[in-house]
Amino acid sequence: MTERKPPGVSFETWADKQIREAEERGAFADLPGAGKPLPSLNTPYDEMWWIRGKMRREGLSFLPPSLVLRKEAEDALAAAAEAPSEQQVRRILTEVNAKIEAAIRVPPEGPPLNLLPYDVEQAVADWRRSRESSS
């Protein structure tokens with residue numbers, strides 16, 4: 001659709017002609033999702049839908065770095081509680097503690113971090129107790 005609308009032709013007629021010609025050339029054949037319902041047909045309207053979709057496809061986050069680290073620390077603690085061995089509990093928490101310590105030294109953008117490194121030995125003791133009580 002690179003042609004300009006000729007003078008004297010109504011826009012609707014010109015657009016209909018462009019669509020009809022493209023259809024005749026097969027420009028609309030084999031489009032992805034042809035014959036399938038729109039994925040977001042039954043969801044409430046969100047004016048930022050395209051931004052959210054782009055960010056999801058690109059793997060981007062819209063949270064400030066300090067909140068991302070808080071979430072990562074929370075997830076690490078949950079993963080450590082489910083870890084199959086003490087060694088993995090230590091590894092998971094040591095890795096997240098290094099990130100927390102770096103963020104304390106150089107605060108990231110966003111709200112205050114309000115996070116301290118986890119006590120690895122206490123987490124390991126908690127992990128052992130949870131294994132003993134479930135046995």
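Based on protein heavy atoms only, segment 77-135 ends up with 68 Å² per residue of surface accessible to a 1.4 Å probe.
Computed over protein heavy atoms with a 1.4 Å probe, the carbon and sulfur contribution to the accessible area of the chain reaches 58%. Of the residues Ile100, Ile19, ranked by 1.4 Å probe accessible area with the largest first, the sequence reads Ile19, Ile100. Which angle between 0 and 90 degrees, to the nearest 10, do you get for helix 86-105 versus the longest principal axis of the chain when only C-alpha atoms count? Computed tilt is about 70 degrees. Restricting attention to the chain, lysine pairs at least eight places apart or on different chains and with alpha-carbon atoms under 28 angstrom apart total 6. For the chain, the relative contact order comes to 20 percent (Cα pairs under 8 Å, sequence separation of at least 6).
Expressed as a whole percent, how much of the Cα-Cα distance distribution for the chain exceeds 27 Å? Provide the component values of the computation, followed by the final result.
Details: 5193 of 9045 pairs.
Tail fraction, whole percent: 57.
Counting only protein chain heavy atoms and rolling a 1.4 Å probe, the accessible areas of Trp127, Trp50 rank, largest first, as Trp50, Trp127.
So for each of 72-79, 39-46 I average, over its residues, the number of other beta carbons within 10 Å; can you give me the resulting order with the highest mean first? Don't skip to the end; give the middle numbers.
Numbers: 72-79: 15.1, 39-46: 8.0.
Ranked by mean Cβ neighbours within 10 Å, highest first: 72-79, 39-46.
Express the relative contact order of segment 71-135 as a whole percentage, based on alpha carbon pairs under 8 Å and six or more residues apart in sequence. Once normalised by length, the contact order is 33 percent. The residues Met48, Met55, sorted by heavy-atom accessible surface at 1.4 Å with ligands and nucleic acids left out, run Met48, Met55 from largest to smallest. Calculated mean residue ellipticity at 222 nm for the chain: -19000 deg cm²/dmol, from DSSP H runs with n ≥ 4 weighted as -39500 (n - 2.57), summed, divided by the residue count and rounded to 500. 3J(HN,Hα) along segment 31-38: 6, x, x, 4, x, 10, x, 5 Hz, from the Karplus curve 6.51 cos²θ - 1.76 cosθ + 1.60 with θ = phi - 60°, whole Hz, x for Gly and Pro.
The values are calculated or read from the model by the stated rules, or taken from the named source; none is laboratory data. What you see is a predicted model; the values in this text were computed from it and never measured. No Cβ is skipped: glycine too gets one built from the backbone with ideal geometry, and neighbour counts run over all protein chains shown. When the accessible area is computed, the model is the full protein with side chains, heavy atoms only, and any ligands, DNA or RNA have been set aside. Shrake-Rupley method; radii C 1.70, N 1.55, O 1.52, S 1.80 Å.
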